[in-house]
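The values are calculated or read from the model by the stated rules, or taken from the named source; none is laboratory data. As the structure is a prediction and not an experimental result, all values here were calculated from the model. All Cβ positions, even for glycine, are placed from backbone atoms using ideal geometry, and neighbour counts span all protein chains on display. Calculation scope for accessible area: heavy atoms of the full protein, side chains included, ligands and nucleic acids excluded. Shrake-Rupley method; radii C 1.70, N 1.55, O 1.52, S 1.80 Å.
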Amino acid sequence: MQKRTLIQTGLAMLAGGLLAASPAAQAQDYPARPIKFIVGFPPGGSTDLVTRIVAAQMSETLRQPIVVENRPGAGGNIASQFVAGSAPDGYTIYLGTLATHGINPVLQKNLPFDHIKGFTMISQIGYYTNLVLVNPSTPAKTLGEWISLARKAQQPMNYGSPGPGTSPHLTGEYFRILTGVDLTHVPYKGSAPALTDLVGGQLDVMFDNLPSALGLVQSGKLRPLAITSRERVAQLPEVPTAIESGLPDMVVDAWVGVMAPAGLPQPILDSLHKAIVSSVNTPQVRSRLQERGVTIRTSTPAEFLAYVKSENEKWARVVRISGAQGN
């Protein structure tokens, strides 16, 4: 009996020592196995493509496979809930977006996770600008001309979006607040059918993401009046910003960034941050992201957290004033 007690005591002490040392040991060995990179949207979309480009380079940097796992549904909320409930061990990371962490939390009440307290912000990757788009048959050649045209119209202008609560939807509401133009929102199930109707003349205007609309702009099927980023973009250098066009507050960046569950140990956070920033800034990754309309912008974890909070404040005001609603 005494011998068994000693063995049990020894095992308990050993287990206690291992548990006490586990965070440091885990950080020192990290990563020791494949990492899951969660995406809240279907394969083939802009968010998915960005994730796969970055994941491939991070895999080389960290010398472990990074497996992209799509968990679409509820505007990204299904994936967000999964990540927030995962272990903070560095083996589950997430591509958060303007939709998942900027707009959803202020547009949808009683979410089953806390978009701030449930996550560790690691680094932004970059952002897409939105384009103010019209049919080429529209008489207006500039954003100022279009606003004047819309104000003189006898009925509201209609604008399409990929659906309620999306970045293009809220961008339209923000534009309406800033300009006083009377707009009617027409929701679609995705950008493609909305863009088709804009090309066909069934819509008056759209505020869509650059990657979705770039091909139609380059082919001359749509006319871009302005972009919503602070600076012009390399893909369409001739298109002015909304700021240049007389709307100093019309800034919308459809941003993306990497997150993990809350409580990520600092050494693992440091390792992931270094891997993300170095991967995004390799020439081949920068080139591939820019080809897809992404403007590179990395950040520290603290900067990323502050930015997400500022985005919540901005979009909460838009939702409150406009009365916008999600699905």
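Things to note:
- The set of residues from the range 52-67 being of a type outside the set (Asp, Glu) and more than 16 Å from the chain's Cα centre (by Cα) comprises Ala56, Gln57, Met58, Ser59, Thr61, Leu62, Arg63, Gln64, Pro65, Ile66, Val67.
- Every residue from the range 256-278 that is assigned to a loop (DSSP other than H, G, I, E, B) and surrounded by 14 or more Cβ atoms within 10 Å (Cβ to Cβ): Ala262, Leu264, Pro265
- Any chance Val106 is over 19 Å from Pro42 (Cβ atoms), touching a strand residue (DSSP E or B) at 6+ places or on another chain (Cβ under 9 Å) and of a type in the set (Val, Ile, Thr): no
- Taking the range 291-306 as the range and being assigned to a helix (DSSP H, G or I) and in contact with a strand residue (DSSP E or B) (Cβ under 7 Å, 6 or more places away or on another chain) as the test, the residues that pass are Pro301, Phe304, Leu305.
- Across the range 123-176, the number of residues qualifying as among the β-branched types (Val, Ile, Thr), modelled with pLDDT of 95 or more and open to solvent by 10 Å² or more (accessible area, probe 1.4 Å) comes to 3.
- Residue match in the range 227-240 (condition: crowded, with 16+ Cβ neighbours inside 10 Å, acidic (Asp, Glu) and on the phi < 0 side of the Ramachandran plot): no
- Subset of the range 157-172 (residues that are touching a Leu at 6+ places or on another chain (Cβ under 6 Å) and more than 15 Å from Ala254 (Cα to Cα)): Met157, Asn158, Tyr159, Gly160
- Scanning the range 279-297 for residues that are polar (S, T, N, Q), open to solvent by 50 Å² or more (accessible area, probe 1.4 Å) and farther than 17 Å from Val233 by Cβ gives Asn281, Gln284.
- A search for C-beta distances below 9 Å between a residue of the range 207-226 that is in contact (Cβ under 8 Å) with a residue 40 or more places away in the chain and of a type in the set (S, T, N, Q) and any residue that is part of a helix (DSSP H, G or I) and surrounded by fewer than 20 Cβ atoms within 10 Å (Cβ to Cβ), counting only pairs 6+ apart in sequence or on different chains, returns Ser212/Ala192.
- Scanning the range 38-58 for residues that are open to solvent by less than 30 Å² (accessible area, probe 1.4 Å) and either charged (D, E, K, R) or assigned to a helix (DSSP H, G or I) (or both) yields Thr47, Asp48, Val50, Thr51, Ile53, Val54, Ala55, Gln57, Met58.
- The residue that is farthest from Pro164 (Cα to Cα), counting only those in the range 79-110 that are at pLDDT below 95 and open to solvent by 40 Å² or more (accessible area, probe 1.4 Å), is Asn110.
- Members of the range 216-265 found to be closer than 22 Å to Asn104 by Cα and among the aliphatic types (A, V, I, L, M), listed by number: Met250, Val251, Val252, Ala254, Val256, Val258, Met259, Ala260, Ala262
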